[in-house]
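The values are calculated or read from the model by the stated rules, or taken from the named source; none is laboratory data. Computed from a predicted structure; not experimentally measured. Counting neighbours? That spans all protein chains shown, and the Cβs are built from the backbone with ideal geometry, glycine included. Surface accessibility is based on the protein's heavy atoms, side chains included, excluding ligands, DNA and RNA. Shrake-Rupley method; radii C 1.70, N 1.55, O 1.52, S 1.80 Å.
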Amino acid sequence: MKGISTVTTIKGESLQTIHTLSNSHKIAEVLIGTTNSKIQALVDTGAEVNILLESMVPPNIRRIFPTPITLQPYGSSLIKPKGQITLDTAWHKKSMRATWVVVGDKDLFGQPCNLISCALAQSLGTLSFNNPPSNVNNVSHHTSQSSQTSKDFHNLLSSTHPSVANILTKYESVFASLSKLKANPVHFHLKPNAKPVIQPPRHIPYHLQACFDKLICDMEDDGVIEQHSGLVTWLANPVLVPKPDGNIRITVDLRGLNQAFLNAHLPIPRVEDVLPMFNGKSVFSTLDLKTAFHQLELGSESRPLTVFRTRDRLMRYKHLTMGTLPASGELNQRLHPILANIKDATVIQDDIVIAATDLPNHNTSLDHVLAALQSAGLTVSPTKCVLASSEIPFWGFKVSKEGVRPDPEKVQAVQHADRPQNKDDVKSFCV
């Protein structure tokens, strides 16, 4: 689900930006208006406005008043609300007057969704911040990361073919914690007329603050980011992205910076270029580079371009980060030469794929790939590796000796997608 936070004021209008926060929210049943109409709403600690669907406005309300607020879904077009109303709002025995921003039933997220802000939730008592957030325990301590990685590696050994496990034991360092590619740093190049962008601050939801602080400390300990000192010309905000395992990933909203980059037009492999290599192959492996972009060092003169806010400091990246326009091209430019001369192996983005006719040929290629990664100083994630398998998932496809076919899970997602209702929905569906 999404959250809403006040970002800036433009021409007297308050612009609210909607961005991804967390998958876990509390649903509260509240009474609104003099008729005590009952509605269900998501309680979001990242929200600073209350959202009410137009169809949920109490029937005795004859007028919806104009509002200066404009909503902007993250990465999407602006949404102009229908207006705003002030209603008596009650939850259990507590009641208060609250302002609700009214939106069309399909305007906000393409699905019905009322939203209660952090302030209203606290006032009504639907939220209590006396206990520590449960999310904090989802992030392992930095001191235990190495032992967890070692455990994951040995789990991988025990679950794969013995001949493959013998190869892996020679290259345990490739499955270690985050490393750094032994290559020249990445340098960003801006257009001559580029204008710096300073983004207004955004709120970090309360229930994610401790988790966010811990991740920032871990990234600093890993050498991925560092504290910025001195003048700031470019300043962005963090974006918290939920991961399937319940944790969060920190990225940065660098859309303003991306518009200022000179495009080097570095070649990036396409899936269509890779699929033909699977013809006639029957043994497959995939190796996933551990936070691949973070394994490429960023030149010192480019680091001030990546400055972003945390809750108490300004930080910047020491390594390349996802979300920057040059990132994919720079990653491919450095990875391709490392594996270019290894038979039955290819790389696309951060995925290394080995496809061989039989197990002996597969093992020879795997040995050469791991040796090349070790020599280059790169590491892979043991929990994301698939080794010596008869079938692998690959970029929306299932690959096996029978050939390449669409991944049933991906097809099902398309089959059950909501029917587009307007031009923006069609564009979103096509992307």
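Considering 117, 163, 123, the condition of being modelled with pLDDT of 80 or more, open to solvent by 20 Å² or more (accessible area, probe 1.4 Å) and closer than 30 Å to residue 43 by Cα is satisfied by 123 alone.
Test of understanding: among 411, 399, 404, which residue is closer than 26 Å to residue 355 by Cβ, open to solvent by less than 30 Å² (accessible area, probe 1.4 Å) and hydrophobic (A, V, I, L, M, F, W, C)? Just a single option satisfies the conditions, and that option is 399.
If you filter segment 177-207 down to residues that are surrounded by fewer than 16 Cβ atoms within 10 Å (Cβ to Cβ) and within 30 Å of residue 287 (Cβ to Cβ), you find that the one that is modelled with the highest pLDDT is 187. Within segment 280-294, the set of residues being touching a strand residue (DSSP E or B) at 6+ places or on another chain (Cβ under 8 Å) and at pLDDT below 95 comprises 288, 289, 290, 293, 294. Within this structure, residue 387 fails the test of being part of a helix (DSSP H, G or I) and open to solvent by less than 90 Å² (accessible area, probe 1.4 Å). Residues in segment 208-250 that are open to solvent by 20 Å² or more (accessible area, probe 1.4 Å) and β-branched (Val, Ile, Thr): 232, 233, 241. Residues of segment 263-320 that are among the polar types (S, T, N, Q), crowded, with 17+ Cβ neighbours inside 10 Å and within 24 Å of the chain's Cα centre (by Cα): 286, 291, 295, 302, 306, 310.
State yes or no: is residue 329 open to solvent by less than 50 Å² (accessible area, probe 1.4 Å) and out of contact with any strand residue (DSSP E or B) (no Cβ under 6 Å at 6 or more places or on another chain)? Taking the combined requirement at face value, the residue satisfies it.
A count restricted to segment 30-41 and to residues that are modelled with pLDDT of 85 or more and either open to solvent by 30 Å² or more (accessible area, probe 1.4 Å) or of a type in the set (Ser, Thr, Tyr) (or both) stands at 4. Filtering segment 347-375 to residues that are open to solvent by less than 10 Å² (accessible area, probe 1.4 Å), part of a helix (DSSP H, G or I) and not polar (S, T, N, Q) leaves 362, 366, 369, 370, 373.
Right, residue 216: more than 30 Å from residue 336 (Cβ to Cβ), β-branched (Val, Ile, Thr) and at pLDDT below 90 or not? The answer is no for residue 216.
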